[in-house]
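The values are calculated or read from the model by the stated rules, or taken from the named source; none is laboratory data. Source: prediction; values computed, not measured. Glycine also receives a Cβ, built like all others from the backbone with ideal geometry; neighbour counts cover every protein chain displayed.
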Amino acid sequence: MKKVISVFSCRVILMLVAGWLPMLGACSGGSGADSRALPAPAPVLAAAAPGAVEAPVGGTAVVGTPAPVADPVPAAPVDGMADEFAVSGYSPVAAPASAPADAVFPGMGGGTAADPLGEIHEAVHLAHANRDALYVSPSGSDGNPGTSTRPFRSLARAARAVRAGTTVYVAPGIYNGGFRTTASGRQDARISWISTRKWGAKLVPPPGSRTKVAWDNRGDYVDVIGFEIDGRQHRDGLRWTHGIYNGGSYDSIRNNYVHHIAQKIQCTSGGGAAIGIDSYYRGVKSDVIANLIHDIGPAGCHFVQGIYVSTSGTVKNNVVYRVAEAGIHLWHDANRVIITNNTVTESNTGIIVGGGNFYHTKGPNDYTLVYSNIVYDNKMGISEQGRTGKNNSYRNNLVYRNARFNWSLKNGLTHSGTVSSAPLFVGENASVPNLKPSRSSPAVGQASPAHAASTDFDGRARNASTGYDIGAYQH
């Protein structure tokens, strides 16, 4: 391998012709202590259906400072609504819609109805429920009006009908992926897509897939909640290299189950990711919260990531394992990212904090916070790469048994409060590991409360009195 590969060779000069999409590739991953540079992520051009027209809603920078992303809760079911549209499997901490704007709710991290999040994003709740609703069901028809009694059949059909302030309820069942959502919500009227049973609505590759992306969202103020994205059932056409691609601003990707993406593909610099939060269309401040991600990419491919972020936002409470390159990878214009309480294992690299091959900035990746994560049993642990700043911070992480190195930081930075011992998971040596900490785990009570969510991956409250636990789960 060459010592350095030119930045130019890592880029693709992209013309926005009909339906062509820049995707998140892997860049700089796996370089580690030996400082070997890998190619930067080049956009993957995913051909859309013939005649498709590019509509990058997220392609314009959003001006101003909006309120934090709110956790969506579906509007109350109407009388006679079918059971398939009753929301289940989540652990909501919901504020009543009629509550005063200054009311404070237990378990919401001090949030109010006017600002329900405070600093948390984990529970599925929203102080003010959306008024409009659309419904999708395996028993529906795309010729229907999308009501609870006459639902749509496909998410693609609902995408053509959705507007700001709409919640789309998707009943359990199997649906074709490979679609694009372009509609934007507003700060006061988000668009929420929710699988009514957590992981009950499953997206699979359609026959003769024409895109490499399961769900391509370009809209702003959009929430994607509780879906399963399963790339195993390939039925001809293009293989999925990306699970959920997000090019919008102020969006949230939460409580989803994304697995077996970008497998059985050629390893190219086009790369792939289970969840990608991209700045190419000037998207900013989106969140990746409490997702389960595993078996991503062909073994040994440095261009496929678990969670890939090239802008600002948060990455919290995610469980990530068996990823070809990095469980969590920051590159391009990534900066001011909060990475807290994630569990990453059995991957090539745990967490990469980097910047380079910039789209719209000159970098560096600075003011990124990496707190209270478990990075265990990977080839490499936590690594800074490319252009990084002096204000990144690393606190209270459990980093242990990463084969090549545990830490590789730049600019003289050091880490603090690190736990350097095995996390003692309930059951790690299994095809479906249980990565919850046991009661005797050294992760128990050792997390930093700074920027931590008030709930864990399962929606359980984190216990401030006994101390927050490191990683995605509270024991």
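Data table
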item: Segments classed as strands (runs of 3 or more DSSP E), wholly inside region 380-452, with at least 2 members that are of a type in the set (Gly, Ala, Ser) and surrounded by 15 or more Cβ atoms within 10 Å (Cβ to Cβ); result: 380-386
item: Boolean, Ile307 is in contact with a Leu (Cβ under 8 Å, 6 or more places away or on another chain), without any contact (Cβ under 8 Å) to a residue 60 or more places away in the chain, part of a strand (DSSP E or B) and surrounded by 24 or more Cβ atoms within 10 Å (Cβ to Cβ); result: no
item: Where Thr268 falls short, out of the listed (1) in contact with a Leu (Cβ under 7 Å, 6 or more places away or on another chain); (2) surrounded by fewer than 24 Cβ atoms within 10 Å (Cβ to Cβ); result: (1)
item: Matching entry among Thr314, Thr361 (being among the hydroxyl-bearing types (Ser, Thr, Tyr), modelled with pLDDT of 95 or more and surrounded by fewer than 24 Cβ atoms within 10 Å (Cβ to Cβ)); result: Thr361
item: In region 453-468, residue surrounded by the most Cβ atoms within 10 Å (Cβ to Cβ) [restricted to those that are over 25 Å from Arg322 (Cα atoms) and of a type in the set (A, V, I, L, M, F, W, C)]; result: Ala461
item: Among residues of region 208-227, those that are part of a loop (DSSP other than H, G, I, E, B) and either of a type outside the set (D, E, K, R) or farther than 16 Å from Ala164 by Cβ (or both), counted; result: 8
item: Every residue from region 437-448 that is touching a strand residue (DSSP E or B) at 6+ places or on another chain (Cβ under 9 Å) and not aliphatic (A, V, I, L, M); result: Pro437, Ser438, Ser441, Pro442, Gln446, Ser448
item: Count - residues of region 243-265 that are buried (at least 24 other Cβ atoms within 10 Å of the Cβ) and part of a strand (DSSP E or B); result: 9
item: Candidate set: region 310-332, residues that are small (Gly, Ala, Ser) and assigned to a loop (DSSP other than H, G, I, E, B); chosen: the one nearest to Phe358 (Cα to Cα); result: Ser310
item: Positions within region 197-237 being among the basic types (Lys, Arg) and more than 20 Å from Ser137 (Cβ to Cβ), in sequence order; result: Arg210, Lys212, Arg218, Arg232, Arg235
item: Of the criteria (1) modelled with pLDDT of 95 or more; (2) more than 21 Å from Arg160 (Cα to Cα); (3) over 18 Å from the mean Cα position of the chain (by Cα), which one Trp199 fails; result: (3)
